[in-house]
Structure formats: structure tokens, C-alpha cells
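A short worksheet on the structure shown next.
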Amino acid sequence: MDLPPTFVTGFHDEEAVRKMKYNRFGATGLLVSQLSIGTGGFCLQYGNYSVEQCKETLHKAIKAGVNLIDTAPWYGHGVSEEVLGKCLEGIPRQAYYLATKVGRYEADPQLMFDFSASKTRESIETSLRKLGVDYIDLLQAHDIEFAKSLDIVINETLPVLDDARRIGKIKFIGVTGYPVSTLAECISKSNVKIDAVLSYSRLSLIDSTLKDYLAEFQRNHLGIINAAGLCMGLLTSGGPQSWHPAPQHIKDICLEANEFCKANNVELAKLATYYCYQQAGPHTNLIGMNTVNLVDANLDVLYAGITDQEQQVLHELQTRIFSKLKRGNWEVENNKFKDTLP
């Protein structure tokens, strides 16, 4: 295959890059790797981390052909962007596409969300400074379902992003969120051209809602990011963090799935990742990685797939365990949280 535009002679492992699958990212002209790296773990959000380990992880992933990096001011309330900025040192700017977000910021619910024009302008400048770059490839409005009204996103956030795109501070505009219906509504109502959509935990072993919207997003020539296919820890051997919003019945089913996998000497996260890779439609699967072992594991599943025994366990999970879920999402819980916001 031809090498992608992000390939840099002397920096990349050419053999590894030639193995990576790249997809056209909607109408952006970008070619994105099938696996992209999330940096929610470049802070304490998912437990302990080290800057050196994050740097080693990022360099390993980019050299292996991963070319989309996603972060946000919300992750660690600024820490993830700051750490990522340090980790980008030594990586040629041509070698990666950088995505961050606006709209979600502080731990305090009173200050958590701000989609106003003024805050959006300020956030773009802060991100550029922390990341140590002259431009951001993809700037996304973050968790837009939590805006007081979608009108604020449409009339304030997106026009400011459009201005930044016009002057070259950002290249492309995206929206992110949990209810895919809200993403679709925003895209259809926006006067600003939206280039990409990031949906998280909605195309996974426990919920495939994103599939219902893929045709619509493709008609709009959007770059489509399937993020958090492990459902923010639910589909891992370690389980979710205490802050995870899923209702107890989902956590219980995922725990049952995990116990079943352990009894069969199979890693649940591996099966969940494999499932995501097999889904047609999304252009990239965004997975949080803050250790080299995670990069190796995710690349291994991408290239080697899973064994016959693992296929059998996956089939059993889908037909005997996850099939018991009547509702595999936490939209109700998120709506209750939204009702508590100022």
C-alpha cells in the first residue's frame, strides 16, 4: 500500500506503517489509522500514570502508524493536554493529526460545562498553548447533550470554531456526545459545516446504537470516530472506575462477562476490541492507551485477530450474557445528572 501523508522518513517504522490500515476520514481529505490513541489516561482520570510512560506510549503508537491523537480540557481538567504537549516533543508535526475539544472543563458541576462563545475562544488558545502546536487538526464540541440548549452549541460554540477554522487555528470541526440522536440533531441543524462526529460507547458489545445513524453520517460525508469501545472500563478485567455512570444492572452483566472470560483464560478487553475492529462504518477506533503494553495489545488484536477458542467465548458472551441486557446504555442516568446542572 502507499504510505499515508503522515509518514515521516527516518521517524516511523516503515514496515509497521505499511501494515496499518488507513481510512478516508469523511470529506476531510485526511487518511486516519484504524486505531487511534485517546489520552484520557494521561492524567489521574483512570488511575495512576507517569509522564515518561505516556511519552513512551505515544511515541510507540505514532511510530507504529497510529496517526490520530485525541485529548480534551476535561481530561484531568487540563492535565491531559499539558502532559500530551510534553509527550509530543520529538515527534514531527507532520506525523499526526491532533484532536481536542471545547465545552467541558471543571470537576465542579457548577463550572463543568460552558459552550459560550467567549469561553470557546479562550479554550482554543489555552489548548494551543498547552499542546505546544500552531494549529489543531480537529476541534470538537464536547458532550453537547449537556449544553443548557443545543441552540447555544449551534449559535455560539460552532460559529467560534468556524472562525478559528477560517484563520487556520483549526482545520476541521467535530461534535461529540453520548446520545447519538443529539449528535445527529446538531449536525442537521447547524449552519456551520461539521466535518466529524465522535460517538463513544455506542458501538460495543453492549450497545450498537451508532449503527442506526451510520448511513445518515455517511450521507453527510462525516469522519466517524467510534470511541470507548471498552465502555470506559466496563469491558475490561479491572472493571470501571467508581465514577462510571452506568446503572448497576449493566455493571453486573459486564462483571458476569468478565468472570466467564477469566474462567476460560480469555481477556474480555481483547474480545471487545476485536468486536469494534470488525464493525463497518467508523473510520477509526479511538482507544485510550497510556502504557506500551496497551499499544502492543491493541495492535496485536488488529493484526492477528482472535483464536478459534476466543471466537467461541465471544459468541457465548453475545448469545448467553450480553443478550440479557434490555438496555445497554446510561442515557437515563446522564439525563438525571443533567437535571442537577445549573
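The values are calculated or read from the model by the stated rules, or taken from the named source; none is laboratory data. Please read these numbers as outputs of a predicted model, since none were measured by experiment. Positions of Cβ are backbone-derived with ideal geometry, glycine not excepted, and every protein chain shown enters the neighbour counts.
Which one is surrounded by the most Cβ atoms within 10 Å (Cβ to Cβ), of the residues in segment 328-342 that are assigned to a helix (DSSP H, G or I) and of a type in the set (A, V, I, L, M, F, W, C)? I'd like the intermediate steps shown before the answer.
From segment 328-342, those assigned to a helix (DSSP H, G or I) are 331-339; that's our starting set.
Those still in the list that are of a type in the set (A, V, I, L, M, F, W, C) too: 332, 337.
On the way: Val332: 11, Phe337: 14.
Only one residue fits best here, namely Phe337.
Could you name every one of the helices (runs of 4 or more DSSP H) located completely within segment 110-198 that has at least 2 residues being within 22 Å of the chain's Cα centre (by Cα) and under 30 Å from Ser208 (Cβ atoms)?
Details: elements: 117-131, 158-166, 180-189.
Result: 158-166, 180-189.
Considering only residues that are hydroxyl-bearing (Ser, Thr, Tyr) and in contact (Cβ under 8 Å) with a residue 12 or more places away in the chain, look in segment 214-247 and name the one that is surrounded by the fewest Cβ atoms within 10 Å (Cβ to Cβ).
Of segment 214-247, the ones hydroxyl-bearing (Ser, Thr, Tyr) are 236-237, 242.
If we keep only those that are in contact (Cβ under 8 Å) with a residue 12 or more places away in the chain as well, we get 236-237.
On the way: Thr236: 19, Ser237: 13.
Of everything passing the filter in segment 214-247, Ser237 is surrounded by the fewest Cβ atoms within 10 Å (Cβ to Cβ).
Tell me which residues, restricted to segment 278-295, are assigned to a helix (DSSP H, G or I), surrounded by fewer than 20 Cβ atoms within 10 Å (Cβ to Cβ) and touching a helix residue (DSSP H, G or I) at 6+ places or on another chain (Cβ under 8 Å).
Residues of segment 278-295 assigned to a helix (DSSP H, G or I): 278, 292-295.
Of the ones still in play, those that are also surrounded by fewer than 20 Cβ atoms within 10 Å (Cβ to Cβ) are 278, 292-294.
Val292, Leu294, listed by residue number.
Please go through segment 111-129 and give me each residue that is crowded, with 19+ Cβ neighbours inside 10 Å and of a type in the set (Gly, Ala, Ser), ordered by number.
Answer for segment 111-129, where residues must be crowded, with 19+ Cβ neighbours inside 10 Å and of a type in the set (Gly, Ala, Ser): Ser123, Ser127.
Check off (1) assigned to a loop (DSSP other than H, G, I, E, B); (2) farther than 21 Å from Val301 by Cα for Val66 and give me the number that stays unchecked.
Against the list (1) assigned to a loop (DSSP other than H, G, I, E, B); (2) farther than 21 Å from Val301 by Cα, Val66 comes up short only on (2).
When you look at Thr57, is it among the polar types (S, T, N, Q), part of a loop (DSSP other than H, G, I, E, B) and modelled with pLDDT of 95 or more, yes or no? Walk me through it before giving the result.
Values: among the polar types (S, T, N, Q): yes; part of a loop (DSSP other than H, G, I, E, B): no; modelled with pLDDT of 95 or more: yes.
In short, no.
Can you tell me which residue in segment 248-277 is farthest from Lys336 (Cα to Cα), limited to those that are among the polar types (S, T, N, Q) and buried (at least 16 other Cβ atoms within 10 Å of the Cβ)? Don't jump to the end; show me each part of the working.
If we filter segment 248-277 for residues that are among the polar types (S, T, N, Q), which is where we start, we get 248, 258, 264-265, 273.
Next, from what is left, pick out any that are buried (at least 16 other Cβ atoms within 10 Å of the Cβ): 258, 273.
Numbers: Asn258: 28, Thr273: 30 Å.
Here the answer is Thr273.
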